[in-house]
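The next block holds one structure in the form of structure tokens; read it before the comments.
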Amino acid sequence: MTEEKRIEILNNAKEFFRKEIVGSHIEGSCKRASKLSEYNVNPFLFKYLANFLTGNDNAESIAKALVYPRILGSSINTSFGMKVQKLIGELFQGFGSTTSGIDIEFIDAIDGRRKYCQLKAGPNTINRDDVTTVINHFNGVRNLARTNNLNVGINDMIVGVVYGEDSELSSHYKKISESFPVIIGKEFWYRLTGKEDFYYELIDAVGEVALEVDGSQIVEDTISKLAIEIQQKYID
């Protein structure tokens, strides 16, 4: 892969994160988190959690105990998970495959062979039914290769997992790996780009976008709005 193409992938990742993740986090998650109706409040625990977090159980402290885990944890992870297929589409422009059931094709930087790759987001993003689907697609590629006298080996059909580590792969991926290679995270990006540390460059590129964002005022506003509702319902 050329340096120009590597830079294009990094820029695509930054633009995606800036537009899709940051935007939806601010406009969607934070606005929803400011409404008491968005929470399933456990009345036996919320004062305890507020005291545990801040040392008191006033409305603002209760709001903080509700808002922080929502906007810093579940909401952003859910948003990323829902948009990851779009991320894959934007990152891998120009690698698309015309072969049925294959997402991208590329020349492996390690062994120099053409790889027929199904892309997956992370180490836990497939279910049991996906195992059969992936294997059937790869078997279809093998049959097509035989028909057309193409030199396509078992190791040329891979599942490429965009992020994570081998030790994190779910049992479903491990089932696939009994028949076809599953390449994850750092090694996948190395094979794709020819640059051993590209995976970390990609992580850093997304991190640069994070430096553009100061959400402290948005968080304060979210807590203040929620605290008013809490005061009215539980304290007044």
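No lab work stands behind these numbers, since they all come straight from the coordinates. Bear in mind the structure is a predicted one, so any value in this text is a computation, not a measurement. Every residue, glycine as well, gets a Cβ built from its backbone with ideal geometry; the counts of neighbours run over all protein chains shown.
If the segment from T98 to I76 were pulled out straight at 0.36 nm per residue, it would be longer than the present Cα-Cα gap by 4.6 nm. In the elastic network of the chain, a GNM with C-alpha springs shorter than 10 Å, the most mobile of G55, G89, G73 is G55. Using only the C-alpha atoms, the convex hull of the stretch 3-235 corresponds to 149 Å³ per residue. Dipole check for the chain: with +1 at the C-beta of Lys and Arg, -1 at the C-beta of Asp and Glu, and the Cα centre as origin, the magnitude is about 740 Debye. Taking the chain as a Gaussian network of alpha-carbon nodes connected by springs under 10 Å, the highest mean-square fluctuation of the residues Y48, Y163, Y116 belongs to Y48. Across the cross-link table entries K174/K195; K83/K186; K86/K186; K31/K115; K31/K195; K64/K195, which are compared at the Cα atoms, the separations over 32 Å belong to K31/K115; K31/K195; K64/K195.
For the options V161, V219, V41, a Gaussian network treatment of the chain with springs between C-alpha atoms closer than 10 Å singles out V41 as fluctuating the most. Look at the alpha carbon pairs under 8 Å that are at least 6 residues apart: their mean separation over the length of the stretch 3-235 gives a relative contact order of 26 percent.
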